[in-house]
Every structure is written in structure tokens, then in C-alpha cells.
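Everything on this sheet refers to the single structure shown next.
Just so it is clear, none of the values below were taken in a lab; they were calculated from the coordinates. Everything quoted here is computed from the prediction, not taken from an experiment. Note that each Cβ is placed from the backbone with ideal geometry, even for glycine, and that neighbours are counted across all protein chains shown.
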Amino acid sequence: MEVVADFGTVDFFAVETLSLGIYNVWLGMNNMTTAAQLALMAFALVFILLGWERYGRRNSQFSITNRSVNGVPRQNARGHWRWILPVICLVPVILGFVLPVIILISHTFSQGFDHLPVVGAAISHTVIAAGLGVCVVMICALIVGVIAFYIPSAIGRPLASVSATGYAFPGTVLALGVLAAVSMIDQGWNWIGQTLFGVSWGGLLGGGLVMLIFAYLIRFQAVGLGSVRAALERMPDSLVPASRVMGYGFMPSMFRIVLPLISPAILAGGLLVFVDIMKELPMTLLLRPFDFNTLAIITYQYAHDELIELAALPALMIVLTGLLPVIIVHHYLIRDQ
């Protein structure tokens, strides 16, 4: 599904996929009807993949969630495998990270820093979009996670499952759907304003960052919700009932006990969402306000115009920022051991 949703790589290598085809038909041919038909095909394909995945693990059960349970015991390699296994493990790291970073650094210093003001503006736009997106996504993830975990009902858990499916869909598909939905809402608001008050209210949601943040919420809700649900499932079941016995209501128990305990997971999930939004390209490219360029967008534009040296600096900043979750997760794993 990640390959189906990819946009920048297939565009750079001129490989026609559904995600790229939707973008080209929509903006290149100005044919939104055909783009919607392609989006429906991609939507159906993702649903088939999701159903296949759910069917494959329909009988899976997990009963051990204790942190003290260790994984597979470590085995020391012997003989010539002591040298072969590290080399095998280093090959993808060198080819997929070390060499690209060295090349990006070389291009950055060979080109110079004349385009630094453009990169600086892109950094500020990236921080604004990602910061707002993180706040909205994590607040909604916390609300949905608490409802699904502490208030089990016929709506709570299905709502959590449905809200987490947006991560599987290509960004171009979600952008097209969000644009159509927001346009319908704006038309309804405009009709109400003109009918009741004689005032045009069009464009209330379609302008600014509202539409883009809403698309981020749909796309990355699964990331934030996964962190919240994992933290809630590791908590003892008796904490909230004990708090209720001591006279605290449900909401005070949430703020006094649950929220402080899961705050590290919320911060970790927020960091993951921040990095994902920073790297996100198709939705930001299609739904952004005018002249709102993020690091991913200027990297794509420079690479699309064959200005590889100029694209090196913003690409390098995206790569280095993406290392933060890896470093933090590694720190927690070492601490737990």
C-alpha cells in the first residue's frame, strides 16, 4: 500500500501509476471526472488489500502485553558467519542511507547556499503545517482512543477502526475526496447564507490551511491512534475503577491518572505524525494555500526541474529530521533492556 500511495518517486522516474495518473489527469488535463474515476479504482484496490490483510489475521490472538516478557533469546554467530552477517546487515544501510546522505551533502556544498531564503521560508511553512496537524491529529486520536478503550460500544471500536484506515489510501485519492467534500460543505454554507441572510459565505473551509489540516487528520489518524491505543493497552485495568471508587469521576480520572501515564506515548506519536506530515507530498501539493511551500514541495519542484543540486539541502533536512524517531525509539529500547 505504501508503493501504491507513492507519488514523488514514480513521478521523478516517469512511471505511470494510479496515484500519479490521478494528479496528471486532474491538473494536467483539467478533467476532474476522470480523476475521480481513477481515484475510485485506487480506493477499491486499497479496500481489497485491507480486506485481504484482515482476513489473513482473522484468527490471531494476543494475550501477553507485559513489558517484562523478553523476546527471542540472543544467539551469537560462530565461524565465518560472524563476518558475513554484519556485512549483510550493513549493505542496505550503506546503500540506502550512508551513500545518499554523502551525495546530498556533496551537492549541498557544491551548489552553495544562494537559495537559503527559499529553504528558510519552506522550513517555517513546514513547521506551521506539521505543528497544526500534530495538534489536531493527536487530540482526535486521544478522544477516539479513550472512547474505544474505556467506553466499548457498537460505535466506539468500529469508529476507531474506520478512522485508522486513512493511512492506507494514496494522498492524491484523499486530496480529491477532501476537496469534493469541502466544496459541497462550502456550497451548503453559501446557500444558507444567501437564503437566510443575503450574505455569501462561500470559501469558509476551502481557503487557508483548514482543508489541508483536515486531510492530514484523515491520513495520519492511524499513526496517532496506534500510539494512544498501545499505551492504553499496557496500563493496568484497575486504575480507572480504583479512581472511581475513590470519588473521582470519569473525566477527572482521565486527566489526573490516564493522561499523565500515556503522555510519553502521545509525545512519541506526535513526533511520528510530525515527521510524516513533513515528508507528505501529494496532499500538500494539491491542497496547500497559494505560495505555501514546504520542504517536501520545494524538493519535488527542484527535482522535477532537474535541479538536483538545489534539491539536496531541503532533502537533507528531511532525512535528518526523519532520524529523530529512530533515535528516540532506540533510546527507549536500550533503556528497557
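A few points about this structure:
- Placing a label point 7 Å from the Cα of Ile48 along the Cα-to-Cβ direction, the residues of segment 1-19 whose backbone N falls under 18 Å of that point are 1-6, 17-19.
- Backbone HN-Hα couplings from phi across segment 36-47 [Karplus 6.51/-1.76/1.60, Hz, Gly and Pro as x]: 5, 5, 5, 5, 5, 5, 5, 4, 5, 4, 5, 5
- 3J(HN,Hα) along segment 283-291, derived from phi through the Karplus expression 6.51 cos²θ - 1.76 cosθ + 1.60 where θ = phi - 60°, amounts to 5, 5, 5, 8, 10, 5, x, 4, 6 Hz, with x in place of Gly and Pro.
- Projecting label points 7 angstrom from Cα along Cα→Cβ for Leu116 and Val10 puts them 3.9 nm apart.
- Across segment 91-336, Cα pairs under 8 Å and at least six residues apart give a relative contact order of 31 percent.
- Computed [θ] at 222 nm, helices only, for the chain once each DSSP H run of length n ≥ 4 contributes -39500 (n - 2.57): -22500 deg cm²/dmol
- When only Cα pairs below 8 angstrom with a gap of at least 6 residues are kept, segment 170-239 shows a relative contact order of 30 percent.
- Equivalent ellipsoid semi-axes - Cα gyration tensor, segment 172-242, angstrom: 39, 17, 8
- Whole-Å semi-axes of the ellipsoid equivalent to segment 128-256 (Cα gyration tensor, √5λ, descending): 35, 19, 13
- A simple rule links phi to the HN-Hα coupling: the Karplus curve 6.51 cos²θ - 1.76 cosθ + 1.60 with θ = phi - 60°, which for segment 309-318 gives 5, 5, 6, 5, 5, x, 5, 5, 5, 5 Hz, with x for Gly and Pro.
- Taking Thr172, Thr299, Thr108 as the candidate residues, the one with maximal mean-square fluctuation in a Gaussian network model of the chain, Cα springs under 10 Å, is Thr108.
- One equal scatterer on each Cα of segment 269-317, no solvent, Debye formula: the resulting log10 I(q)/I(0) at q = 0.20, 0.26 Å⁻¹ is -0.69, -0.99.
- Loop-located chymotrypsin sites (Phe, Trp or Tyr not before Pro) in segment 1-61 (DSSP state not H, G, I, E or B) with no more than 13 neighbouring Cβ atoms inside 10 Å: Phe13.
- Placing a pseudo-label 7 Å from each Cα along the Cα-to-Cβ vector at Glu2 and Ile185 gives an inter-label distance of 3.1 nm.
- Most mobile of Leu142, Leu324, Leu209 in a GNM of the chain (Cα contacts under 10 Å): Leu324
- The structure-derived value of P(r) over Cα pairs in 20 Å bins from 0, in percent appears in the list (1) 23, 54, 22, 1, 0; (2) 32, 55, 13, 0; (3) 31, 59, 10, 0 under the label (1).
- Per-pair calculated FRET efficiency, R0 = 41 Å: Arg74 and Cys135 via Cβ, rounded to 0.05: 0.50
- Based on the reciprocal of the average 1/r between different C-alpha atoms, the Kirkwood radius for segment 217-284 equals 13.5 Å.
- Sum of side-chain charges, Gly8 neighbourhood, beta-carbon under 12 Å (Lys, Arg +1; Asp, Glu -1): -2
- Extension gain, Ile257 back to Ile102 (0.36 nm per residue minus Cα-Cα distance, nm): 51.1 nm
- Estimated inter-spin distance, Met235 and Tyr248, nm [label 7 Å along Cα→Cβ]: 0.9 nm
- Computed magnitude of the charge dipole of segment 91-336 (debye, nearest 20; Cβ of K, R +1, Cβ of D, E -1): 880 debye
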